[in-house]
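Following: one structure in structure tokens, then a few remarks.
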Amino acid sequence: MKTSKFSFLLLAVLAALLLQRPALAATQLQGAGATFPAPLYQRWIAEYTKANPDVQINYQAIGSGAGIKQFTQDLVSFGASDAAMTDQEIAAVKKGVVLVPATAGSIVLAYNLPGVETLKLSRDAYVGIFLGKIKKWNDPAITKTNEGVKLPNMSITVCERSDGSGTNFVFTKHLSSISPEFKDQVGEGTSVTWPTGVAGKGNDGVTALIKQNRGAIGYVEYGYAQHNKLPFAQLQDKAGEFVTATTATGAATLATTQFPPNLLRAWPSDPDGKDCYPIATFTWLLIYKKYDNAPIGEAVKKFVTWGLTDGQKFSEDLGYIPLPKQIVDKDMEALKAGE
Amino acid sequence: MTSEGRAPASSQLKGGKRRPDLFLALTWVAAVASVLTLLWILESIVMPAWPSIQQNGLNFFTSTVWDVNRNRYGALPFLIGTAVSSLIALCLALPLGVFIALFLSENFLPLAVRQVIRFVVELLAAIPSVVYGLWGIAVVIPIVQQYGGYLADYLGFVPLFSGPSVGNSMLTASLVLAIMVLPTITAISRATLVAVPPTLREGSYAVGATRWETIFRVLVPTAAPGIVAATILAFGRAMGETMAVAMLIGNSPRLSWSLLSPAGTLAGLLANQFGEAQGLQISALMYAALALVLLTLIVNMVGEAVLRHAEKTTAGIR
């Protein structure tokens, strides 16, 4: 019995090795970068390679900054970044860069207040909270916009990201664009120094902090709040209306994005239109303009094209915003232009 | 040392063919390799840290502002956070650890039972630090939140306990650190206590001392150098601990008197920011790593001094 099991195992290993053989000859793509879109990219890879077994793709979620570094050093076939790339970083890549907005997400303000199911936060209120000026939940700045909601006399625990991240970048960019005071005191960036609160590592770290602390509020990606069933606040848009984060309101925000010519890099940090959730952002795939190895370049483009079209249908399930059609069209143009 | 060590070897070989002493060569290589590795590590920290060392200089150790956006780097809050969390952990773990070691080295219980207890305590060292972090989140944080809340309510006027009591705080991190360093202290202290020659104990009993007098006047002083060594090791472990602390301390770059507020440590800072760091931030983080190495070095040197002193004062007994 024991030997038969063992020989079976041996056979299985041998079979696996033999089956691997043809795959070794397949095109191998290496990708590295942002952690935020990683679940979606992994899903794309799984689905895509199922349909195209001649390609092997490996994506490592090592963070946007590290992804850009590896991409610049030519260690990967494609990179990924939540903060796109700066002009300086683009200039450092000899083979040229095509920035492709690949998917998008909203950042929500999740909170932990037992008994409070809906919360509307005005711009003054949430800027004040993150600046540490509003310290209690029953502060007039919060109660003013929440008539009929019983807000407790409880301290606010602000929860934030301790690690450098694209989420930080997008959230502080938004706060800086709506509040000169915030811009002056904290500013925007992938790691910022918050004037108040506790910090956790990663979206999951912040989610845990919010869950643990009664009276907590923090910023996390929409998908995390949804998955963990955390309630999140409606935020005031430019016109003064309150908007709930949904895929629709997020997509509406993305559709307003105005890109500069020849470069798909922009942040809709304070959108104008109606029913636009104010904090939504793209995340980018970084592709070389020219590939030394033509088959690799071809395979990368095929994969990215698939992700931009067929791949978008996996977005909503995983908490991402499917790209609006006009953005996908622009991506396709950019992909064709890079040769 | 070399001349003494060589003497018997050469006398044995007398008359025979003189060969190079391979064992000696091997030990030399091992010793030199470890020193070189340390220098290598230092070099690879100092080189990337250099831009920050030039720019921030000694201000790095006195400034309280760590602001990546404005390229201002001051590590004082993290230095203090590292030192304070380790000190509190040690203050809790040292008495506890030594008492456990005493209990395990005396014959209060049958040997079999003591072996089981010893095994369990030493097993604490085998738990990965991320598991300590998770346990801290699940168990220690709610406790600190609740009782810290009472502390803040009734003793809030004392700066050490001023509220609000956030679960992720200096106190939480220190408590978990204390448990993490406990096995180090217990294991080494027990080993030295057991190694005290039984003649000393018999002598002490012979002149009429009770068991407790023997323990505190003879056994503990004799084992003091070992206990000091255990303390140094534990301190080093507490200062370098990264994962569990980063999960529990709240990672705040602000200085606060309150034990119930979030704080930050050097190791946690590195773990948090290194992944996405760019430009001068990388240098500053390397500088912070250097500061951590220096801090550990200082602790080791102080420990060494205390050890020598302890050895000198207890030399009469041994």
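Considered as a group, the residues in segment A:235-260 that are surrounded by fewer than 19 Cβ atoms within 10 Å (Cβ to Cβ) and in contact with a Leu (Cβ under 9 Å, 6 or more places away or on another chain) include one that is nearest to B:GLY133 (Cα to Cα), and that residue is A:THR244.
Within segment A:159-187, restricting attention to residues that are farther than 26 Å from A:ILE68 by Cβ and of a type in the set (Asp, Glu), the residue that is surrounded by the fewest Cβ atoms within 10 Å (Cβ to Cβ) is A:ASP184. When B:VAL218, B:VAL181 are checked against the criterion of being part of a helix (DSSP H, G or I), away from chain A (no Cβ under 14 Å), touching a residue at least 40 places away in the same chain (Cβ under 8 Å) and over 30 Å from B:LEU266 (Cα atoms), a single residue qualifies: B:VAL218.
Looking only at segment A:142-181, residues that are assigned to a helix (DSSP H, G or I) and within 12 Å of chain B (Cβ to nearest Cβ) come to 7 in all. Taking (1) at pLDDT 90 or above; (2) surrounded by 14 or more Cβ atoms within 10 Å (Cβ to Cβ); (3) charged (D, E, K, R) in turn, A:ASP270 satisfies each apart from (1).
Here A:ASP124 meets each of (1) in a helix (DSSP H, G or I); (2) buried (at least 20 other Cβ atoms within 10 Å of the Cβ) with one exception, condition (2).
Might you check whether a residue that is within 23 Å of A:ILE327 (Cα to Cα), within 12 Å of chain B (Cβ to nearest Cβ), buried (at least 16 other Cβ atoms within 10 Å of the Cβ) and β-branched (Val, Ile, Thr) occurs anywhere in segment A:58-70? Looking through segment A:58-70, at least one residue is within 23 Å of A:ILE327 (Cα to Cα), within 12 Å of chain B (Cβ to nearest Cβ), buried (at least 16 other Cβ atoms within 10 Å of the Cβ) and β-branched (Val, Ile, Thr). Are any of the residues in segment B:158-177 more than 18 Å from B:ILE249 (Cβ to Cβ) and either more than 12 Å from chain A (Cβ to nearest Cβ) or assigned to a loop (DSSP other than H, G, I, E, B) (or both)? Yes, that holds for at least one residue. In the set B:LEU248, B:LEU294, B:LEU270, only one residue is without any contact (Cβ under 8 Å) to a residue 40 or more places away in the chain, under 19 Å from the mean Cα position of the chain (by Cα) and either surrounded by fewer than 17 Cβ atoms within 10 Å (Cβ to Cβ) or under 30 Å from B:PHE157 (Cα atoms) (or both); that residue is B:LEU294.
Only one of the numbered conditions (1) under 23 Å from B:GLY279 (Cβ atoms); (2) among the charged types (D, E, K, R); (3) away from chain B (no Cβ under 11 Å) is violated by A:LYS50, and that is (1).
Among the numbered conditions (1) exposed (fewer than 14 other Cβ atoms within 10 Å of the Cβ); (2) under 25 Å from the mean Cα position of the chain (by Cα), the only one that B:GLN54 does not meet is (2). Looking across segment A:175-228, the residues that are of a type in the set (D, E, K, R) and within 21 Å of A:TRP267 (Cα to Cα) come down to A:GLU181, A:LYS183, A:ASP184, A:GLU188, A:GLU221. Residues that are among the aliphatic types (A, V, I, L, M), modelled with pLDDT of 90 or more and within 30 Å of A:SER165 (Cβ to Cβ) occur in segment B:89-112; there is at least one. Listed by position, the helices (runs of 4 or more DSSP H) enclosed by segment B:17-128 that each have at least 2 residues that are within 14 Å of chain A (Cβ to nearest Cβ) are B:76-105. Would you call B:VAL144 closer than 16 Å to B:GLU241 by Cα, aliphatic (A, V, I, L, M) and either out of contact with any Phe, Trp or Tyr (no Cβ under 7 Å at 6 or more places or on another chain) or more than 14 Å from chain A (Cβ to nearest Cβ) (or both)? For B:VAL144, the condition - closer than 16 Å to B:GLU241 by Cα, aliphatic (A, V, I, L, M) and either out of contact with any Phe, Trp or Tyr (no Cβ under 7 Å at 6 or more places or on another chain) or more than 14 Å from chain A (Cβ to nearest Cβ) (or both) - is not met.
Condition check ((1) in the same structural domain as A:THR190 (by TED's automatic domain parsing); (2) modelled with pLDDT under 90; (3) at negative phi; (4) part of a loop (DSSP other than H, G, I, E, B)) across all residues:
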{"residue": "A:TYR48", "(1), (2), (3), (4)": "no, no, yes, no"}
{"residue": "A:TYR59", "(1), (2), (3), (4)": "no, no, yes, no"}
{"residue": "A:ALA66", "(1), (2), (3), (4)": "no, yes, yes, no"}
{"residue": "A:LEU75", "(1), (2), (3), (4)": "no, no, yes, yes"}
{"residue": "A:ILE90", "(1), (2), (3), (4)": "no, no, yes, no"}
{"residue": "A:LYS94", "(1), (2), (3), (4)": "no, yes, yes, yes"}
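Between A:VAL186, A:VAL206, A:VAL198, A:VAL108, the distinction of being touching a residue at least 12 places away in the same chain (Cβ under 8 Å) and away from every other protein chain (no Cβ under 14 Å) belongs to A:VAL108 only. Contact annotation: residue pairs with Cβ atoms under 6 Å, 6 or more positions apart or on different chains, pairing a residue in segment B:114-128 that is at negative phi with a partner that is small (Gly, Ala, Ser), are B:GLU122/B:ALA187. Only one entry of B:LEU177, B:LEU171 meets the criterion of being under 30 Å from A:TRP137 (Cα atoms) and not basic (Lys, Arg), and that entry is B:LEU171. Counted as qualifying within segment A:214-310 are the helices (runs of 4 or more DSSP H) with 2 or more residues that are of a type in the set (Phe, Trp, Tyr) and in the same structural domain as A:THR118 (by TED's automatic domain parsing), namely A:222-227. Inside segment B:29-71, residues that are in contact with a Leu (Cβ under 8 Å, 6 or more places away or on another chain) and either among the hydroxyl-bearing types (Ser, Thr, Tyr) or at pLDDT below 90 (or both) make up a count of 5.
The values are calculated or read from the model by the stated rules, or taken from the named source; none is laboratory data. Here the structure is a predicted model, which is why all the values come from computation and not from measurement. Cβ sites come from the backbone with ideal geometry, for glycine too, and all protein chains shown count toward neighbours.
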